[in-house]
Structure formats: C-alpha cells, structure tokens
Amino acid sequence: MRRLTAEEVNAQKVRELGLDSTALDLASTEAICGALRRVAGFLCPCTAATLVRSVVRPLRGLVEDIDGVRNAVEEMLEAMTAHGDILEQSDVEGDATHIAGKLLYAAPASFVPRESGAVILLGVAADQNTALPDELERRIEHISHLRRLSPLPGENLPRDLVQLGLVEVSDGRWLRAPRPEAPAQLLSRIENLLDAAQPSHDVPGLLLLDPERAVRYYRGRWVEVRSQTGKFVGRRSQAYGAPLWSYVQLRGGNPERLVDFPVDGNRWRGCDEAWRLQMAIDAVRGEPQKFRVHPGPGATRIFEFFSPVPMWARRRWDAVGEPVLSSGCLFAYKFPLEECGEEVRFVHDELWLEELPRA
Amino acid sequence: MDASLLEWEARLADHFAELYRRRRSSALSHPIFALEHGLDLSEINSLSQAVRAHILIKPPLKSHRLTWVVYSSELGYRYSGDEYWQTFESETPGWTLNGNRYWIRECYRHFQRQFGGAVPTGAWAAHFSIICWPITHAILPKDLQRQLARILYEVRHSFTGELLESPTTLGELVSARSWSATSRFQNLAQETQLVGQISAALLLQGERGSDDLLHPTTLHRIAGDLDRERRAREWLRGARQSAKERAQVRGLGILGRSRMPAINRPEEARKEIATLGIEPRLVLRPTDLQGASWEPSLEISDLSHLLLRFPGTREILTGSRCTVAGAAGRPLARGRCLHGAQRIRLSRWPRADEVLIQFEQRDTQLDYLLRTECLLRPGPLWLFRIASDGLAYELRSLRVRPGERYILVNSDGPPESTQHTISTDLQCEGAYGTLLDLPSVITHDWEETLRSLGLGRAKTIDVWPAGLAPVVWDGEGHGEWLASEQPCLAVCVDHAVDAIMVSMGEKADHPLELSPITPGEVLFVELPQLPVGLHQVHFAKRTCADTDTEVLGDLDVVIRIREARPWSPGVSSSGPFVVQLDPPEPSLEQLWEGHVQVVIRGPAGRSVASEISIFEREGEPATFSKRLPQMKLPVSTDSWWSHFEKHFRKVKKAEEAYDAARFCEVSLTADELGRITLRCERDFTPLRWALRRRDCGYKVRLLDDSGDGTQPTVTRLSFESPIIEEKMDLVAEYDVAEPGGMFVSRLGQLTAAIIVPPVVRGFEDLGCTPRIDAAPRSPESIIRIVRYADLWGRARLPGGFISAMRKRDVLLALDSHITHLVCGDNWTRAEVAARKDGGVSTLKDAVSRRRDEVAIGVVLERDFADLATRACRERVSRIASLLTKFHVLPSTSPSDEASALWLSELALRLASNPAVVQVWAGDQLRVGVNRLMESPTLMRAARFLVLSTDRYLQSNVRIDQLYAGWEWR
C-alpha cells in the first residue's frame, strides 16, 4: 500500500485501459472512450446518465475541470453510440404494460472490414479491454472513439477475427443511410405525419429546438416551452431512460399534435431523425446549419461541425476520416485531401449544411 | 508381424517401467497414463499398423497388452464424443470377429497393477465402465483441450503456490468452474486427480518438477495441439503467466486452503459466503418525472461465484428454477442466475425472515447459504440514495449527507408527514416511501426531522475508487474489482485533521499515514495486488499528533476481488440480444422434441435470422443445413417451436439427417445486435439405441457401453398393444418389421427405449388404434399403465413425424384407460357423449351426482374459461381448494393442505398426461393412486378441467402434448 500522486494514478489507470500512459491521460478522448466501454461491460443495460456518472465520479481530484470532463464524456458517449460501440434500444425486458424506455446496451465485439484490408473494431467485451488476443490488442490504433486495426503483410484480418469469434458487420450495412431526399421533401413528409397525428395533451418535460436561435451554438438552441406557436423539434425527459424525440406542434405554448421519432422503424435512433429534420428545417428557412473547413496537418483538411449529425453521417466520417479535437465547434473530423471534395458534396447534398467562408 | 508386436511390447514395457520408477521416486507419485508412451507420430502409426495386421487374422494376445493399451488410448485421444466402439471397429478391421472389449479393460487393469496406471473415477466412469479406461488414459482428448485452456484462464488469479503443488485441489477448482462446459468436459472434470495433474503440467511446462506430472513428450504433444488454435493458445499463455507469477505466492487467497467449508462450521461458512458478495441489493426506479412514484426491484448478483466456492450446489444452481421473494413474474429459468446480475421487479416487499432467492429443488446446504446472505437488511427502515442517473440505490446504513436526495422506505406504515418530507408512491405492496431532499446545510429543523425518522448523519470524510470505476461501487464503501486490476482509492476530508491512517487486515499493523491533510484536498492510495476474495481497508483519523486515532468504522472500505471472465463469442447479458434456454444446455433430443424453452429477446420488431445444421461427426461438414425464415423479436417459446417445427423439423431431409446425427448447431443472428450459436448434442447414456433408415423401414442397433458383464434384455411393444411386451433375441441389429413399435432394452437399473415408426403407405397408416385389455379396477392396474406411459413418454423419437403421432395416440389411449379405471363407467360414457355433442354440460353432471358434491361440476363449468388462461400450478390450487371446500379432501390440519395440493396435482397430471406422473410422484405413487380411487370425484373434476380447457383452447396442441394448455414444467 502506498500513496500516489494524481499523475501516478492517471498513468496507472491509463495503462489498465491498454493505452499509452506517456501520451494520454484520463481526460483524453481515447481514455474516456476506454472507460466508457469498460463500464458499459459492467453496467449495461442502463441509461446514459449511469455510464457518464460511473466514468466521471472516479475522476474527482484527478482532473481540474470536472464539469468540462463531464461534457466531454457525454459527447464521447454520443460519438460511440453513433459509431456502434454502444447501442440505444428499447428496454428489451420491458412489457407492453410497462415503461418502454430507451436504454443503452453494449454492442457485441464485432468489426467492419474495409477495402484496404484494415478493420474498424466495434463493441464491448465485458471484463476485458477488447475481445482480441494481446498481440492484436497491442496493434490497435486508438483515435478518439475510433479503433482501427491494419493488417500486417500477408495477414487476412477479417478471416482471423471471424475465427476468433467476432461478428462481421459489412460496411454496406454499417454505413446504411436513409434514401436521399431534398430538405423540403423531408419536411413535408414529416409535416404530413404531424397533421395526421392524434391531438396531443400535456407533454411534461418538453424542451424545444428553437430554429430562430444561432445555428452555430447547438446547446444554446434548446429552450423551454413558454408561449411558442409553431412546429418544433423537441425532446422530453423520461423518468428512466433516454429522452424521447419528437416533432411537435404548439399553439401558445400548448401542444396540439406530436409525432415521436423514429418514424421509420427503429433502425436509427430518435435523435438521428430529429437532427436530420432540424437540418431540413434550417435549410428550408434559408438559415442552413454550418460547417467549416480549414487546413490540417500535411495533406489533410479539418471539417468542423456545430450541431450533431445522424449516426450514419458520423459512421461515414469514421470510415474515411478521423475524429480530431478542435476548439470552437461541437466536433471535428480530419480527412485526407483527396476525400475532401466528396465529403463536401456529401455534407451539402445529404445534410444540407453550408460551408462557412475560410478565415 | 507378431515379432514386431512383441518388439513394441518390450519397448513399451521398458518405457513404462522406467517412468513408473521415476514417478514413484518423486514425492507425489502421480499415476501414469497410457498416452505417456513416449512414441512420436510415425512410431504411433507403425504400432497401429502392427496391431491392425494382427487382429485381422487372430484374437489379441496377453503378450501384446501394452500395445493394445497404447493403441486404444490413441483412439481415445482423437475421440470427440461419437461412438467409441464404432470408430474402434471401423479403424480396426477384424476387431468385431476377433476382439473383445472386456479384454481391453483387462489390459488396462494389468497396466494399472504393473505400472501404476491411472484408475478412472467419478460417476461417468461408473456408468461407462470400459470406455472410461481408454478415454481416461488419453488424458485430454483433443476436443476438450480448448475448454480446459479457457477454464485455466478464468481461474488464473486464484493460483497459489500451494494450489499448483496439489493437483487434486487444482482439479477440484477446475471441476467447480466447469459448470458451463460441455457435458463431456464435465465428465472429464469428475476425475479431479487427472484434471489437476494435466492442468498443473500444462501450467508449469518447462518448470522444475513438471516432468513428474506428465511425460515431457506427451505434454509437448498436448500443448502443441492446443497451440494450433489461436484463442486456446492465448488462454493457456495467460494462465501460464499467472501461474508463473503466483507459483511463489503462498497463503494468499481463499482457494489456497485445503478444504472447502462445511455445513458443520457455520461461522466459517458465513465468512466464506460474505466473500462471495451474493447479497441481493434493492434498487428503486422512478416511474414519473416528478419522482412521486417509484418501482422497487431486487438486483441479484451473479451466483456463479457461489458455485465456484461451494461445488456441491451445482446441480441445483444449474438445474433448478429460482423464485425471487416478492416478484410477480414466473420463476427464473434454470441457470439464469449464473449469467450475470439480474434485476427483478418486486410487486410485494419481502418479509424480514423471507429468504430472497429460493430454488425449486431444495438442499440443506444451499438453503443455509441463502438464509445467511439472502435476506433483506433488518427493517423496518431502508434508506436509498438517489444517484445522478435517477435510480435510488439501497444504502447499508441509515446515515445521510447534506445536499443529497434520499428515499426512506418503511414497511411498518406510511411515515408521519413533516415539512421536509414528501410522501411517494412505491409500486409495491407492503412498503411506503418518503422523499428527502437534504439542503447543503443541515438546519436544526432538519436535524429534528432526521432524528424523528430514525436517520443519522454520515461523517464528512469521503472515500471513492480513483481513476476508473470498479465493477461495482455502492457509493458507501463496498465495491468489487477484477483480479487483474490494482485498486486505487481517493480520500478527502472537509475538516481539519492531523493525519489519516490507512491499514488492511485484522491487526492493522503498519498503517499508511497520510499527512499533512488539507481540508478538501484529494489524496490517493494504491492498494497492493490483492488475491480473489474479500478485503477490508480501515480508515482512521488523528486530530492531533499526540492523541489516539479515531477509527472511522462506517467508512471502512470493503473490497471484493473477483476473476475476470474471459471473453467468448456469443451474446452477453449487457447486450440487447438475449437468448434464454431452459434447460440451459439442451440435448439434441430435447431440441427436436420441443422439450426446451427458447426465449429470444431483443428490440421489438427487429429481425432474427436462424440457421440450423446437423452433424454426424466432429470436424466434418454438416449433413444437413437450412436457413430458416426470419422471425421478429421478441420470440416466445411457442413461436420458436412452431417456427422450428414448420421450417425445419417437418423437412424430410432434416428428419433423415436427425436419425444419424450426433449434434446440431443453431445459429441465431440479429445483425449488429449479436449472434449466438447453440450446440445440442445427442444424449449419451451407457445403454442406448441407434437408428438408421434403410430403403423401406428402419434398422435399430443397441449400444451397450455399460461394461456390465450381463447381457441386456430386449422387448418390443406394438402400437396396437402398447402394454404387452414381446421378448426379442439379442442380436447386433434389428431389421424393424413394417408395423414398427417401441423397442425397449433393460440392463440392471438402465432402460433405453426407442419408437420406430411404421412404414406409411397411405393415410390409413398415419394413425393407430391402441387396445388395452380390460383389467381389474385396482391400484396395481393403474400403476402398471402409468409405468408404461412413462416408458412410452421417455422413449427416443426418430426424426420422422409419424413416430411422434403414434406416441401421442398410445399415450391418449393409456390416459383414457386410467380415467376409465378411476372414474368409472358412467364417466366414460359421459366423455363419449361429450365428444359427440362438443359441449361440457354432460361432463359437468357426471363429475358427481351426490347431492353434497353436485355443485363441484357447476363451479368448474363456470370457471373453466378463466382457469384455461392460467398456469397449471394455479389450476392445481383451484382444484384443491374447491374439493376441500366440498369436503372431498380433508382440511383439518396444515398437512392436509399440502396433501390436498399434492393429490390434486396427481389427479391433474394423470388426467392430462400420464407420462409425467411416475418420476414426479416417485415412491408416493401407490399411496396417491389409492387415495384417488377412494375419491373418484377428485379425478373426475380434474378430468373435467383437462377436457374443458382443451376444448376452450380449441385443442390447439403441439405434437408432444395430449391436451391443449397442459404443459407440466
């Protein structure tokens, strides 16, 4: 038994996560993601709040800005859920007479093979850092929430991983996106659903995404219900489980009609549909959400985003780029120069975002 | 060629004699195995050729015994659970003519006497008294190696110097951990000496002393085979690493002790149980946003820890359903408590003396263990702290901290309302909740409120896990870590103290002194690498350098260290795709005949794909494989069965493949949600039938691996006369005649039966009309029919559907006959009339014509629709209370109540399926039948309920059921 300094605790615990303690500390995104995967193996199924709490509480005294770290943990959890390490699903133990909350589950250890022969690792192995043998685990490249494994000469990684028992998820299935749609078309389709919805009563705990507020500060767009009139993307807290996302029509602050997301089956999360709808709303009203591109190290470009995007967009960028830290935005990706043109087109055509002029 | 065999014999004799001499000279004198022959692969081939050349022309000779021992153990090494003798015969031409399996056993016995050879032990060896020799002497057949490597990896943190020096104790540990392994591995694990010896040898390979455990060539061979599979290699490497590190560690860990705790040492057992941390924990979950309504649940720990420490509880933990006190739903499926923690919703607050977890099958030792740890903490008050995730977790003390929110639960009644408390609705009978939202500064008023509620204030020193969350942390000083980690604690005080002293162990010698202390500063303490078990860290504070330390008893940290479970493919309890099986490891027959409950859970509406493959031999391609149409989640047992039956079981090729199958694999995939592959092996009993199709009909073969010196008997029962046995001569194979029937073989306590279907040429062959000759109305007649029903019910079914239909026809006939014998002619006539008119009124009148009992039928006619929707157990209670009310059953003492329930269940079982009576009733059958014959009204009431339920459910039965709605589980 001995006394340790905060630095020594940091180093020891980063090593326990299988990460390089000389380069990372517990507040790094890689360590946060490792800690989230670890607690997911112990605690899932549970709520996002349970996972965040379990990662943040042991950091007291080890990090200076515990609230800042809490925000980072929440953002990383969202990135990992979009990526597929953690799955948001209805409570599978719930019954019809019970609260049908959305809970977080640990995805099984799986991988997505890439054309290059590399693989993207997904999922959680309870009680272990990964499901891989030590020799493979040591070769994992950790980039924020992303874990990549590249083949050695002559090595067939997908075959080896299948033999080890990991589930192969084809990239077509992993990257599956909704069919392309113009923003007005999407908005009209959802509004038709809203018009056809039954009249709604009181909706406790409802928060609204205010389209009038600046599109470059996502957290600042959320407002409480007062006397608004119109149609809004909203979310409402649940007693237990993730909030429910919806499109709601208000008159004088009173809900008239409401459509819950997801409306297209449950392949995507409610928030994915809600965020996409908000992008369409912003685009249709002539105030599209923004993104910014600036030069990155070497032959790369950094794309910065100010609002969350659906999981299928993040997965695409996880596949072709790398998540990077960047201040002044919600999240950012680094892309090789040769991919930039196609990604700019994707952001314009599929997410209806507008590029900010370069400084 | 005989000269060659003699040369081999001489060489082997020299080798084993030298090995025996060396083994005897070592301190532990481990037995010798035939596989330790020291030959390389080319020499094994040469020896095998010489053996085959000899047996082709003449019987084996005594002077060749060692070569036969080596030859048969080599076959055992490749054995993967199929028919040992079949493989032996096919690889040894001439064996059937010239060989004799009893002679092989004699060879091994001679080997044992002359060279100190190993003697097979355990229940498996007692049942398979010949093949146990070559398989034991094969040490670790190839297909079991991977499983041993996995178990050694799982228990690697329990290794100590003493354990590695005591193979039997190591074998006991492996045996205790083998509950989730295949049945073949479990058989092997019964031989704890053997398993311990091979385990120690594999772990210590290359270390000093390992040669005394196994011959180096043999060890190298087994390790080489293990190395070929990547995952097994990794597991063994990890286990070896731990063994190497811990070989020098003595006296640490609970497993280093030589004996398991026994029931006659209760205090020690209590301590042992505490180390396992199986105490359930209460959790409250909010059901509304305002926190006005909460739903209690009980979180049950993973009981596999209990299994490892108390191996005697295995049969119950793996094979018995579990009831949770206060839970509304059905009992938990067999084995479910061994696969991670379970959270069970409570509809009733358990009583103080009520054991929270109870298994259907009772056992004194397990009852004691559960009584010790599985009670609610003493009431009537329980305190829950509302955590930031919205859940309220039970605390171990009634102490609160400023700025926190709590729910106080009282089982005595609603607490008095005060200005600081808010009454909450606990959705649970027998408990009342109060919400407390403590301010950051506790005022005098608040102090009074807390006092009046029976609460105190926690001391203002905080201890928590630093850096990473452990597996479990209750926020109040109790946590669980993995043995692969080094726990690290953070300490913080909010007031001035001179020093904090931290110590471990009972004596608390040489504490770590933390000073100086600045209020609000966080300090970190790294604990040493701790072995598996329970550890306590004591915290004490000293306010001035010259004063005594004050022990902060409430803040002692209790640390439980457990083994990390190795990852293996499949679904986990933390994922969204859950497959529950009951029994947890069904046999091929149970899967095929629908005697397994399959529940597949997952997000509603998502699809699950299934593929089923049937195999005849290990390592060979499937003989039949089919991808079934997708199912929508969730999948119930009934929908699984109808899907399986429609899309697989009724497929002609599947039926054919099933008859020769040894195992099948069911693969269930739900895209990224997960995938699981279930393996179902054919039941492997010492006496069994094998069946194969021929062009027109079947051939059946009796396989006798019992090694019993006496010959089994064989009889045949036709479908038309299902309780008349025709004696058959014992021959190698029976060419089954056109009408088919049931073939029964008996040998001592062993019985094996198989139903062979008739040749079907037209619709008229689908059904049959079993005849049961009139017998006197006596208990003996009824018991005789029950015994035959049991035999027909347990007989193995081939793949074809027709045999299942014939079996059902026979059981229905036996059922009717029993009913006739107990209920009488009038009732039989009423049943015939009811079949014609399709109603139940005629039956109602026939339940009893006695004036004081006539209302029984009326009540049943009124209630049967409701009862049809309930479980069998509820119907039993209803019948018992009704018949007691009308004095058909006595009700003067508490034992009468239990007796009424038992007798009612007997009547309902007899009336609905006589095949499920004999095993259930055991030696009480005769007494029960006598009682029923004295009270035929009970049997008639039972029969009325069976038939009316069946009719209400429109006779919608599975092929293995006689009447709809009567499935006895």
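Derived from the Cα gyration tensor, the three semi-axes of the equivalent ellipsoid of the stretch B:346-468 are 30, 19, 13 Å, largest first.
Protein heavy-atom surface of chain B, 1.4 angstrom probe: 50% of the accessible area is carbon and sulfur, with nucleic acids and ligands not counted. Any idea how far the Cα center of the stretch B:865-921 sits from the one of the stretch A:282-359, in Å? The distance from the Cα centre of the stretch B:865-921 to that of the stretch A:282-359 comes to 71 Å. Annotation for the stretch B:436-520: trypsin sites (Lys or Arg not before Pro) lying in DSSP loop with at most 10 further Cβ atoms inside 10 Å of their Cβ are B:K507.
Which percent of the Cα-Cα distances in the stretch B:315-354 go past 17 Å? Counting pairs separated by more than 17 Å, the tail of P(r) holds 35 percent.
Distance between the 7 Å Cα→Cβ label points at A:V203 and B:D227: 6.5 nm.
Within chain A, what whole-number % of the accessible surface is contributed by carbon and sulfur, with the 1.4 Å probe and all protein chains included in the calculation? Result for chain A: 48 percent of the exposed heavy-atom area is carbon or sulfur. Between A:H201, A:H83, A:H145, the residue with the greatest mean-square fluctuation in the GNM of chain A (Cα pairs under 10 Å linked by springs) is A:H201. Taking the stretch B:744-759 and a reference point 7 angstrom along Cα→Cβ of B:K727, the backbone N atoms nearer than 17 Å belong to B:744-748. Rolling a 1.4 Å probe over the protein chains gives B:R396 an accessible area of about 100 Å². Solvent-accessible surface (1.4 Å probe) assigned to B:M504 amounts to roughly 50 Å².
Three semi-axes describe the equivalent ellipsoid of the stretch B:585-692; taken as square roots of 5 times the Cα gyration tensor eigenvalues and ordered largest first, they are 25, 14, 13 Å.
May I have the pair-distance distribution P(r) for the stretch A:211-283, computed from all Cα-Cα distances with 10 Å bins from 0 and rounded to whole percent? Each 10 Å bin holds this share of Cα pairs: 18, 51, 29, 1.
For the stretch A:37-86, a drop of 50 Å² or more in accessible area on going from the chain alone to the assembled protein chains (1.4 Å probe) is found at A:R38, A:F42, A:R53, A:P58, A:R60. I want to check the label-to-label distance for A:V162 and B:N45. Put each point 7 Å from Cα in the C-beta direction and report it in nm to one decimal. Between A:V162 and B:N45, the simple spin-label model gives 3.2 nm. Full extension of the chain between B:T685 and B:L766 yields a length gain of 26.1 nm, computed as 0.36 nm times the residue separation minus the alpha carbon distance.
Straight-line reach from B:K653: taking Cα to Cα under 16 Å and skipping same-chain neighbours fewer than 8 places apart, the lysines in range are B:K626.
The label point for B:S440 and the one for A:S237, both projected 7 Å from the Cα toward the Cβ, are 1.9 nm apart.
Dimensions of chain B from C-alpha coordinates, computed as largest minus smallest value along each principal axis and given longest first, are 96, 90, 51 Å. Annotation: the stretch B:1-71 has a Kirkwood hydrodynamic radius of 12.9 angstrom, from the mean reciprocal C-alpha pair distance.
The distance linking the stretch B:480-528 with the stretch A:30-56 is 25 Å (Cα centroid to Cα centroid, whole angstrom). Under 4 °C and 1.567 mPa s, how fast does the stretch A:1-122 diffuse according to Stokes-Einstein, given a Kirkwood radius computed over C-alpha pairs? Answer in µm²/s, whole number. Translational diffusion coefficient: 82 µm²/s. For B:A775 and B:V832, the FRET efficiency from 1/(1 + (r/R0)^6), where r spans their Cβ atoms and R0 equals 25 Å, is about 0.80.
Expressed as a fraction of 2.2 N^0.38 Å, the C-alpha radius of gyration for the stretch B:1-135 is 1.02.
Of the residues B:K244, A:K13, the one with the largest accessible area comes first in the ranking B:K244, A:K13, computed with a 1.4 Å probe on protein heavy atoms.
For the pair A and B, the buried accessible area comes to roughly 5900 Å² in total, with a 1.4 Å probe and the value rounded to the nearest 100. Both radii were evaluated on the Cα set of the stretch A:116-272; the Rg over Rh quotient, with Rh as the Kirkwood radius, amounts to 1.13. Full extension of the chain segment joining B:L512 with B:D659 gains 46.0 nm, where the gain is 0.36 nm per residue of separation less the Cα-Cα distance. Per residue, the protein assembly as shown exposes an accessible area of 42 Å² to a 1.4 Å probe, with every protein chain left in place. Ordered by 1.4 Å accessible area with all protein chains kept, B:V919, A:V259 run largest first as B:V919, A:V259.
For A:K231, a cut-off of 19 angstrom between C-alpha atoms picks up these aspartates and glutamates, skipping any fewer than 8 places away in its own chain: A:E191, A:D195, A:D202, A:D210, A:E212, A:E256, A:D260, A:D272, A:E273, A:D282, A:E287.
Applying 1/(1 + (r/R0)^6) with r as the Cβ-Cβ distance of A:R285 and A:R219 and R0 = 35 angstrom yields a FRET efficiency of 0.95. Comparing A:E74, A:E137, A:E30, which has the greatest mean-square fluctuation in the GNM of chain A with Cα pairs linked when under 10 Å apart? Checking each option, the largest mean-square fluctuation is seen for A:E137. Decide, for the stretch B:813-969, between rounded, prolate and oblate: order the square roots of the alpha carbon gyration tensor eigenvalues as a ≥ b ≥ c, take rounded if a/c falls under 1.5, and otherwise choose prolate if a/b is larger than b/c, else oblate. Rounded.
Measuring max minus min along each principal axis, the C-alpha atoms of the stretch B:709-825 give extents of 46, 43, 19 Å (largest first).
Computed from the Cα positions only, the extents of the stretch B:65-202 along the three principal axes stand at 52, 31, 23 Å, in decreasing order. For the stretch B:192-245, the equivalent ellipsoid built from the Cα gyration tensor has semi-axes of 17, 13, 11 Å, listed from largest to smallest.
Could you work out the Kirkwood radius for the stretch B:398-480, taking every pair of different alpha carbons, averaging 1/r and inverting it, reported in Å? In the stretch B:398-480 this quantity evaluates to 14.5 Å.
Note on B:S881/B:V599: beta-carbon distance plugged into 1/(1 + (r/R0)^6) with R0 of 35 Å gives a FRET efficiency of 0.65.
Computed over chain B, relative contact order equals 6 percent, with contacts defined as Cα pairs under 8 Å that lie 6+ residues apart. The Rg/Rh ratio of the protein assembly as shown, with Rg taken over Cα atoms and Rh as the Kirkwood radius over Cα pairs, comes to 0.99. Expressed per residue, the C-alpha convex hull volume of the stretch B:304-408 stands at 125 Å³. With 30 Å² as the minimum drop in accessible area between chain alone and full protein complex (1.4 Å probe), the qualifying residues in the stretch B:519-541 are B:F524, B:E526. The listed residues B:R113, A:R257, once ranked by accessible area (1.4 Å probe) with the largest placed first, stand as B:R113, A:R257.
The values are calculated or read from the model by the stated rules, or taken from the named source; none is laboratory data. Not measured: the values here are computed from a predicted model. Glycine also receives a Cβ, built like all others from the backbone with ideal geometry; neighbour counts cover every protein chain displayed. Only protein heavy atoms, including side chains, enter the accessible area calculation; ligands, DNA and RNA are left aside. Shrake-Rupley method; radii C 1.70, N 1.55, O 1.52, S 1.80 Å.
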